[in-house]
1. Check residue 437 against each of (1) at pLDDT 80 or above; (2) closer than 22 Å to residue 288 by Cβ and name the one condition it does not meet.
2. Please find, within the stretch 313-335, the residue that is most open to solvent (accessible area, probe 1.4 Å) out of those that are outside any helix (DSSP H, G or I) and β-branched (Val, Ile, Thr).
3. What pairs come out if I take residues in the stretch 110-137 that are among the small types (Gly, Ala, Ser) and pair them with residues that are open to solvent by 10 Å² or more (accessible area, probe 1.4 Å) and modelled with pLDDT under 75 whose C-beta lies under 6 Å away, six or more apart or interchain?
4. Are any residues in the stretch 157-181 open to solvent by 30 Å² or more (accessible area, probe 1.4 Å), among the aromatic types (Phe, Trp, Tyr) and either assigned to a loop (DSSP other than H, G, I, E, B) or in contact with a His (Cβ under 6 Å, 6 or more places away or on another chain) (or both), and if so, which ones?
5. Go through the stretch 182-225 and report how many residues are within 27 Å of residue 129 (Cβ to Cβ), open to solvent by 60 Å² or more (accessible area, probe 1.4 Å) and not in a helix (DSSP H, G or I).
6. Identify, please: which residue in the stretch 226-241 is assigned to a loop (DSSP other than H, G, I, E, B) and at negative phi and is, among those, most open to solvent (accessible area, probe 1.4 Å)?
7. Got at least one residue in the stretch 134-155 being more than 22 Å from residue 261 (Cβ to Cβ), in a helix (DSSP H, G or I) and open to solvent by 10 Å² or more (accessible area, probe 1.4 Å)?
8. Yes or no: residue 283 at pLDDT below 95 and in a loop (DSSP other than H, G, I, E, B)?
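The values are calculated or read from the model by the stated rules, or taken from the named source; none is laboratory data. Quick caveat, the model's predicted, so the values are computed rather than measured. Using ideal geometry, Cβ is built from the backbone for each residue, glycine included, and neighbour counts are taken over all protein chains shown. In case anyone asks, the SASA skips ligands and DNA or RNA and just uses the protein heavy atoms, side chains included. Shrake-Rupley method; radii C 1.70, N 1.55, O 1.52, S 1.80 Å.
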Amino acid sequence: MKFKHFIALSILSIGFVFCGQNLNAQVSHPNDIVTFTNHDNANYDSLMNSYYFRKYSSSVEKHYKNQTNYNYSAFDKVPDSLLKARLDALPTIIPMDYNSDVRMWINTYIRLMSQRCDVMLTLSEFYFPMFEQVLTQYNVPTELKYLTIVESAMNPQATSRAGAAGLWQFMYTTGKLYGLEVNSLVDDRRDPYLSTVAAARHLRDLYKIFQDWGLALAAYNCGAGGVQKALARAGGGKKTFWEIYNYLPRETRGYVPAFIGATYAMNYYYEHGIRPHKINIPISRDTVHLRQNATFSQISHWTGIDVAELRALNPQFRTDLVPVSAGRSSITLPSDKLSKFIRLQDSIYNGSRRADPVQPEAVAATTPQTNPTVSSVATNKSSVKKKQQPAKPKVTRVTYKVKKGDTLSRIAKKHGVTVQQIKKLNRMRSDVLREGQVLVIKG
């Protein structure tokens, strides 16, 4: 998971896309030592060219042309004592240390947020609830969610020159160690949920080795071996990131300060006059399990969900195919389309595109009739009525007793239903479960 100053490089590139501003002019502070590359800019461009951001690009451009609240020179007047006090006030387990390096990264991220606040906050609403749930499940600090800003700008399609991929920038070998499959059909490193589980486990393992979150973060960047070498060279019983700072690889030295800077910016952007512009991505979404292979084009045809949107919600699939036969059955859909998918899934699996997905009533209403009689009209109405009121199949009641460590998403996946279905059947208002609780799954 090589740190390429990804977010700093890539977010600033959007100035070309939307505002036509000079990147070098934006990074004029004497302490800003970030080097920009076309490769890193391209990764963020891939996010901005994705379905949701392309869809709302014109409104974003208009908003930022009109935004004048942020003064680039104002940051120089903010005292160190205030920045330190704000970091100290954050409810974090990981120490938010403050020094000149951290100040430089806070400055960098605040400048980036002034141009891309809408993107980062929209994505945080989309991903952070899931990140927090998984990080809590694996007993690691929830503020680690901000690491995805440093690693990938929260772009599941991000790819580094070294081959790291996804939100958490897993290399192939490290991903394999934590159960992330990569083949011709799927790349689990780009699966938001599976990669988050792998990242939580990996970070937990690194903390067990070093017993210090600064060192664990450094090891996430350069590997446990790199940190152990730095500790050995530092000598003298030094055991913290800042104590071995000068012995770490150059890019790793910037990793922890960047993480602290990103954490500050996401919590205090408003204090610097930055006002977000809302982008409407479907925050409400759910996972459904398919019974057979299906392509995005089939699903799109029968549900009306744009193929590009299906790709944005399911970045792990490499060929627009959900390969149930290869053991991958789950797909994420906007919640408002879920019932339509379930109702029409037989047609989706059949792969038929010969007829439009219309209701029986519409077919009856548009069928031409020659010299219709009263009796034939009555017969047609009777036929339509029968189609409108199919007999409801009997459903066997299925229950499940909650075990330690269970989550709603895991239980739903195990039984081939959705989280929303379980919550509705059990009249649940939250996702909180208690051990021994009996849930109705079906019936």
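1. Only one criterion is unmet by residue 437, namely (2).
2. 319
3. Listed pairs, sorted by first residue: 114/70.
4. 178
5. Result for the stretch 182-225: 0.
6. Across the stretch 226-241, the extreme among qualifying residues is 239.
7. yes
8. Here the answer is yes, as residue 283 does meet what is asked.
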